[in-house]
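Throughout, read-outs are computed from the coordinates displayed, never taken from laboratory work. On a predicted model such as this, the values are computed, not experimentally measured, just so you know. Every residue, glycine among them, receives a Cβ derived from its backbone with ideal geometry; neighbour counts consider all protein chains shown.
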């Protein structure tokens with residue numbers, strides 16, 4: 001079966017600190033990978049998506065970045081967190097024209 | 001531009017009552033429409049997609065291209081239907097989904 005892991009599950013970080021969230025996928029090769037942020041009252045916002053290793057498309061300008069160092073690994077990073085970065089971060093995958101499947105998410109609180 | 005609108009943030013209905021979660025979209029081509037659901041403490045998951053034309057957990061959704069709508073319906077709500085529901089759009093293929101802001105459904109016993 002195809003599985004999506006996200007690490008960590010929850011994270012509390014001070015403003016100005018760096019961030020690294022990891023998403024890994026099992027049971028599939030060359031998936032499309034996505035990062036979304038789910039904020040209260042704002043629904044799901046697409047942040048980045050990747051169709052292959054080293055290929056990243058950014059949907060919104062912000063202080064976040066994404067990288068895909070391996071086929072099944074997608075990392076969301078920031079050099080300096082802002083209060084507004086707090087939210088629930090979801091990784092998703094899709095394969096070809098298949099629908100998207102989501103990971104369990106990471107709850108980030110920036111204080 | 002692609003946009004999905006879910007006009008209701010919160011919808012409360014009594015158990016056994018009919019449910020309709022509204023979704024309208026704007027898209028110039030032929031989109032694929034989806035409904036995703038997130039139950040408490042569970043991950044976001046696909047509920048149904050319009051091309052499947054199936055009923056999942058008693059829910060159905062019909063794509064109305066004239067009204068650009070994809071409303072989610074169920075004739076008799078159950079308490080376990082309480083969740084966050086998201087409508088989403090894709091132009092098919094390897095493209096990201098565009099989500100609405102979601103509607104929280106609360107079914108009252």
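What per residue convex hull volume, in Å³, do the alpha-carbon atoms of the protein assembly as shown yield? Enclosed volume per residue, from the Cα hull, is 123 Å³. Residue order for A:34, B:27, fewest other beta carbons within 10 angstrom first, comes to B:27, A:34. From least to most packed, judged by other beta carbons within 10 angstrom and beginning with the fewest, A:49, B:39 follow the order B:39, A:49. By the count of neighbouring beta-carbon atoms within 10 Å, fewest first, A:28, A:3, A:106 end up ordered A:3, A:28, A:106. Label-to-label distance, residue B:106 versus residue B:1, with points set 7 angstrom from Cα along the beta-carbon direction: 3.2 nm. Reported value for chain A: 94 Å³ per residue, from the convex hull of its C-alpha atoms.
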